[in-house]
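As structure tokens, the structure follows; a few thoughts come after it.
What follows draws every value from the coordinates through simple rules; no lab data is involved. Keep in mind the model is a prediction, meaning the values are calculated, not measured. Neighbour counts run over all protein chains shown; Cβ positions are idealised from the backbone, glycine included.
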Number of protein chains: 2
Amino acid sequence: MTRSEENYIKTIFHLGGNSSALISTNAIAEQMETKPSSVTDMAKKLAEKGFVYYKKYQGVSLTDFGIKTALSIIRKHRLWEVFLVEKLDFSWDEVHEVAEQLEHIKSEKLIDSIDALLDFPKYDPHGDPIPSKDGKFMERDKQLLSDMDPNTEGVCVGVKDTSAAFLKFLDKNNIALGNTIQVLEKEDFDLSLHIKMEGKELHISHQIASNLYIKKND
Amino acid sequence: MTRSEENYIKTIFHLGGNSSALISTNAIAEQMETKPSSVTDMAKKLAEKGFVYYKKYQGVSLTDFGIKTALSIIRKHRLWEVFLVEKLDFSWDEVHEVAEQLEHIKSEKLIDSIDALLDFPKYDPHGDPIPSKDGKFMERDKQLLSDMDPNTEGVCVGVKDTSAAFLKFLDKNNIALGNTIQVLEKEDFDLSLHIKMEGKELHISHQIASNLYIKKND
DNA sequence: ATTAAAATTTAGACAAATCTAAAAATTTGT
DNA sequence: ACAAATTTTTAGATTTGTCTAAATTTTAAT
């Protein structure tokens, strides 16, 4: 499998998950910053190799084999992200670019050893679940901070927007995964929130709140 | 710089070191298991980019910039080898193939962090020196075990043949870097050696002895 | 020194992955 | 339902890295 094929498979998974709904070539092209005609070429190739089902003019969806392949790539990406943060002190906005390269390294022993070294983590630094070796993973029961009611509380478990800009903003404001967050009050006017985080009160915009995932306390 | 360019530069360095002697396209082709005509094409490209000096029909040699580039790739390769052995318990015959992939990862921060994680090692698992960030490295004062005289002793510091077959053989016979070796007697007939290693006496062939590097005790 | 052998380069082809521009199919709006 | 707009595919070109076969240059031998 070439690096390019792997990138297409990963993108198709991110756009369609394991559903059998067809993903348009346009959507894939946009996501990958390439041209639809290039996607068509690759779609044929991936269909030939059994990774996707491809219906002309309709789009593609991953076969079971394609899903298995995608999960293996995502597993590698997320494990490397954890490695970079836990072992090499990368900040969470720095990991993605390097993990994009490391995810293509071909060695089962290598990634299994990294997994063991990290003590089999279940979530990556952005809170996304890491598929196990056999492709299973658990999406955490979580909700957007912006959807929480006043006088509820929970733990910050993930981010929706994973751009470096957003992650740097969170760093600067000491918002990190694992932090306890209490919703004090919601402004009707702009939907901004007054919250208490790790003992300190602060005021955050709707835009920020709608990109933070919270696991509600029982 | 493409992966292919990096592989050519590395090979040219391994064949010619930092000397200005010209390396033939044939030699490079043989080493890389490719065709001389492919090497010619790449030689032109590398010359254009300033990595090598290329004289038609004569061969190539690395420029200062090419040497710097080669050392940076070798540094990455060897640091990854140490990482695999020290942190992930790879055996020394397993590291090369994976390091061949890892050496192409582009992130200065990554390799510097790996270097620090490993506490700035000076030698890789085969005893080869690891260039520092600024391209300096010290070749250890060493000699082949087969060149040592009876009644001398030293420490095993490297291997000449790095093939998996040879490394596995050494493992099986508990011959490892750091072991103390005393030469007891040399057979005139087949040049085989009687040695004492870590307290135990054994008899090794000339072929083995001529692929083990020893640092003589003062 | 001339020729035969060996090494090296050139020319032309190919596969992978991409692009542009044009053609074809699908979707949308009325 | 049909024309217009949009999406998707096809056809042909480009780049990178490779190859084969032929031509050229260098080296070696007598």
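Once every Cα of the protein assembly as shown carries one equal point scatterer and solvent is ignored, give the base-10 log of I(q)/I(0) from the Debye formula at q = 0.07 Å⁻¹, two decimals.
Per q value, in the given order, log10 I(q)/I(0) is -0.51.
Using alpha carbons only, how many angstrom separate the centre of segment B:88-110 from the centre of segment A:44-81?
Here the two parts' Cα centres lie 27 Å apart.
Determine the gain in length on full extension of the stretch A:Glu97-A:Ala47; use 0.36 nm per residue of separation and subtract their C-alpha separation, reporting nm with one decimal.
Residue separation times 0.36 nm, minus the Cα-Cα distance, leaves 15.2 nm.
Please give, to one decimal in nm, the separation of the simple spin-label points placed at A:Lys168 and A:Asp64, each 7 Å out from Cα toward the Cβ.
For A:Lys168 paired with A:Asp64, the spin-label model returns 4.6 nm.
Once you have the Cα-Cα distance between A:Glu153 and A:Asn179, take 0.36 nm times their residue separation minus that, and quote the gain in nm to one decimal.
Roughly 8.3 nm would be gained on extension.
Arrange the following residues from fewest to most other Cβ atoms within 10 Å of their Cβ: A:Asp89, B:Asp141.
B:Asp141, A:Asp89
Taking the Cα centre of the protein assembly as shown as origin, work out the dipole magnitude from +1 charges on Lys and Arg Cβ and -1 charges on Asp and Glu Cβ, in debye rounded to 20.
1260 debye
Pop the C-beta distance of A:Leu118 and B:Asp188 into the FRET formula with R0 = 60 Å and round what comes out to the nearest 0.05.
Taking R0 as 60 Å, the efficiency between A:Leu118 and B:Asp188 is 0.60.
Nearest 10 degrees, 0 to 90: what angle lies between the long axis of helix B:108-117 and the longest principal axis of chain B (Cα atoms)?
10 degrees
Note down the magnitude of the dipole of segment B:16-165 about its Cα centre, charges +1 on Lys and Arg C-beta and -1 on Asp and Glu C-beta and zero elsewhere, to the nearest 20 debye.
It works out to roughly 960 debye.
Nothing charged except the Cβ atoms of Lys and Arg (+1) and of Asp and Glu (-1): what's the magnitude of the dipole of segment B:103-184 about its Cα centre? Round to the nearest 20 debye.
Dipole magnitude for segment B:103-184 comes out near 180 debye.
Can you list, shortest first and in nm, the gaps between the label point of B:Ala47 and those of its counterparts in the other copies, using a point 7 Å from Cα in the C-beta direction?
Going from nearest to farthest copy, the values are 4.7 nm.
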